[in-house]
Amino acid sequence: MKIKSIETIQLKEFPLIIWVQINTDNGFTGLGETFFAPNAVSEIIHNILSPLLINNNPLDIENHWRNMFEMTNAFGYAGAEARAISAIDIALWDIAGQVAKQPIYNLLGGKCREKIRTYNTAGQYGENTDSIDAILSPVKLANSLMDEGINAMKWAYTDHFADQTRGNYISDEDLNLLVKPIKKIRKEIGYNFEIANDGHGRWNLSSAIKIGKALDQYNILWQEELIKPVNIENHIKLADEIESPVCVSERLISKYQFRDYLKNGAIEIVMPDLIWTGGITETKKISTLAETEQLPVAPHDMTGPVNIFACAHISMNIPNALIMETCRAFYNQNGWYNKIIDQNIEVKDGYLLAPKGFGLGTRLKKDIFNRDDIIYKITDFNSGHLHWGGFKSNLFEVVTKNGKKSVKRKL
């Protein structure tokens, strides 16, 4: 079995998402996805990574990951390159599951659970108003979630105030406005509903500490990215100053970046973004690193449907999974996931259920390829093997004489 072609699919309706399909010569198709800068991701896939994959066995996932990482690490891996690797990696795992006639979590070592608790991030699509209600009608939102069995939610309560000063200062007056929606939930519903805050890395350290301390009295589930994950020492200071767990972070790419934060105690809840940090292969390893530090993992989401399926497999498999992020505005009956995939995720009584079927457990709908807003590219030829650094050296050759190898400069 060999990889025959690699496709990228974009839809102008969802301009930040790109899907990847890997096709084999014996009829299997694996599906992957990533988010942000899709044109750059597409170029990386078709011009840099495809030559490493086409005509090779798709089941050699670990080898492919290493080859792709070493190629992109030559010029900086932690951007569109890592997102491209992530999407390809998911698609390769999807193929492996189909070939083995098993869900991906069984290939990772089997299930630790049949379902995982989920929290709702207050996104918005169509007639859904969760993101507005999170600020203006927080009790209404919390009650509607609890009616569905969901007893936790997250929103970026601090973003509006960061806009005013670029996160360099927050006044007491603004701080009182910031806590108002959370205070309402606590007053009307109590503490049997959990709330997390996402700071999107927009605050300086002193403001982050001030915000964290102000929200501590409301028993926050976690403080996510109050500061950018670019300074380990400041994350340790933040964790020391506030009571809520410090959650880090979808912006850390690969086990290498997570390692230093984990080793230095700068994380209390580990939140890898599977479609940014390196796919299923790397997220499994990051989760194992977190397990060695006795830390929980809460995978990041707020993107497309393939990510949710991939995260569901990770969440069923790893022993230290805490909770899974979902956005009901996206996955519910009137959400946009149903436009894209033939099988949607199942959320029941506040839990994300284990995917069914082989591989990921879902496919792109066939009618996507008939849409007027599709941007489709395919690489279906062997463009030659690229060596580390993206080039073949023509300056040296290995010669053998009397059974001994040596390197000499070509004339």
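The values are calculated or read from the model by the stated rules, or taken from the named source; none is laboratory data. Keep in mind it's a predicted model, so treat the numbers as computed, not measured. Glycine gets a Cβ as well: all are built from the backbone with ideal geometry, and neighbour counts include every protein chain shown.
With more than 25 Å from the chain's Cα centre (by Cα), basic (Lys, Arg) and modelled with pLDDT of 95 or more as the only criterion, which of 184, 115, 154, 111 stands out?
The conditions single out 184.
Please specify each residue of segment 18-41 satisfying the condition of being crowded, with 23+ Cβ neighbours inside 10 Å and β-branched (Val, Ile, Thr).
Those that are crowded, with 23+ Cβ neighbours inside 10 Å and β-branched (Val, Ile, Thr): 18, 20, 22, 34, 41.
I'm trying to understand the selection: among the residues of segment 305-319, which are crowded, with 24+ Cβ neighbours inside 10 Å and in contact with an Asp or Glu (Cβ under 7 Å, 6 or more places away or on another chain)?
306, 307, 308, 311
Here is a list of conditions, (1) surrounded by fewer than 23 Cβ atoms within 10 Å (Cβ to Cβ); (2) at pLDDT 95 or above; (3) within 25 Å of residue 41 (Cβ to Cβ), and residue 302 meets all of them except one; can you say which number that is?
That leaves (2) as the condition not met.
Keeping to segment 324-358, report how many residues are assigned to a loop (DSSP other than H, G, I, E, B), under 21 Å from residue 370 (Cα atoms) and not aromatic (Phe, Trp, Tyr).
Here the count works out to 4.
When you go through (1) in the same structural domain as residue 37 (by TED's automatic domain parsing); (2) within 19 Å of the chain's Cα centre (by Cα); (3) of a type outside the set (A, V, I, L, M, F, W, C) one by one for residue 98, which number turns out not to apply?
If we test residue 98 against (1) in the same structural domain as residue 37 (by TED's automatic domain parsing); (2) within 19 Å of the chain's Cα centre (by Cα); (3) of a type outside the set (A, V, I, L, M, F, W, C), just (2) comes out false.
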